[in-house]
1. Being within 27 Å of P38 (Cα to Cα), of a type in the set (G, A, S), outside any helix (DSSP H, G or I) and in contact (Cβ under 8 Å) with a residue 12 or more places away in the chain narrows it down to one of S105, S113, S120, S73, so name that one.
2. Does S27 satisfy the condition of being part of a helix (DSSP H, G or I), in contact with a helix residue (DSSP H, G or I) (Cβ under 6 Å, 6 or more places away or on another chain) and surrounded by 15 or more Cβ atoms within 10 Å (Cβ to Cβ)?
3. Kindly list, by first and then second residue, each pair from a residue in the range 35-46 that is within 13 Å of F159 (Cα to Cα) to a residue that is among the hydrophobic types (A, V, I, L, M, F, W, C) and surrounded by fewer than 19 Cβ atoms within 10 Å (Cβ to Cβ), limited to pairs with Cβ atoms under 7 Å and residues at least 6 apart or on different chains.
4. When the residues of the range 163-208 are narrowed to those that are among the small types (G, A, S) and either at pLDDT 80 or above or part of a helix (DSSP H, G or I) (or both), which ends up surrounded by the fewest Cβ atoms within 10 Å (Cβ to Cβ)?
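The values are calculated or read from the model by the stated rules, or taken from the named source; none is laboratory data. Since we're looking at a predicted model, the values are computed, not measured. Quick reminder, even Gly has a Cβ in these numbers, built from the backbone with ideal geometry, and neighbours come from all protein chains shown.
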Amino acid sequence: MENKNFALILLISAFTGSLVISQVLASKIVLLGGLVVPAGVLAYSITFVATDVISEIWGKDVAKRVVWGGFISVLISLLLIKGALLLPAAPFWPHEQAFNTILSSTPRIILASFIAYLVSQAHDVWAFHFWKDRFQGRHLWLRNNLSTIVSQVIDTVLFIGIAFYGSMPILPIIAGQLIIKWGIALLDTPLVYLLVKVCSSFKEVESC
């Protein structure tokens, strides 16, 4: 098979793409069922699905490298965005102010994003394998939800707390995000099972 790790490449691509676009979409705040959340909440939730599947099939070390690769991707995208913001706009282009408003972030929000990402994703990989050892490789649905739900608490509390403490009431925002994220985490369990099954079949083909 020419693409020996085709399934892994697809998962890493989904992880990285979802992670980078979630940083951009987070600039829009939306109202879902009375709850205030960033528009990037779904995209960011996909990253936990990807790391759990990678952890299950390829192991902890590969998942850790994917997390660090995602960090580098976000850092590069941030530098490219900052570069675009510094470039002078063409005189006939009327959207400079809107572009700057949407894509510029304060250093505090950037710092909060990096800290929350690294801590929560590292915990997700660690917790997934902790529960995998405890359950001797069984109960994927429980391992997936236990690792993801706690990791999302860590991510949300760190990001909101560091980015917005003292400037706005953070508890309602944290509560709203957690309700949405936990709902997504519970609903994505069938997707995790499907991806694990598909990726396992890829690995069986590759080993032939």
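1. S105
2. Spelling it out, it is not the case that S27 is part of a helix (DSSP H, G or I), in contact with a helix residue (DSSP H, G or I) (Cβ under 6 Å, 6 or more places away or on another chain) and surrounded by 15 or more Cβ atoms within 10 Å (Cβ to Cβ).
3. Listed by first residue and then by second, the contacts come to V37/V30; P38/L25; P38/I29.
4. S201
Here is a yes/no grid of residues against (1) surrounded by 11 or more Cβ atoms within 10 Å (Cβ to Cβ); (2) at pLDDT below 90; (3) farther than 25 Å from I12 by Cα; (4) of a type in the set (S, T, Y):
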| position | (1), (2), (3), (4) |
| --- | --- |
| V49 | yes, no, no, no |
| V53 | yes, no, no, no |
| I57 | yes, no, no, no |
| D61 | no, no, no, no |
| G69 | yes, no, no, no |
| I76 | yes, no, no, no |
| A89 | yes, no, yes, no |
| H95 | no, no, yes, no |
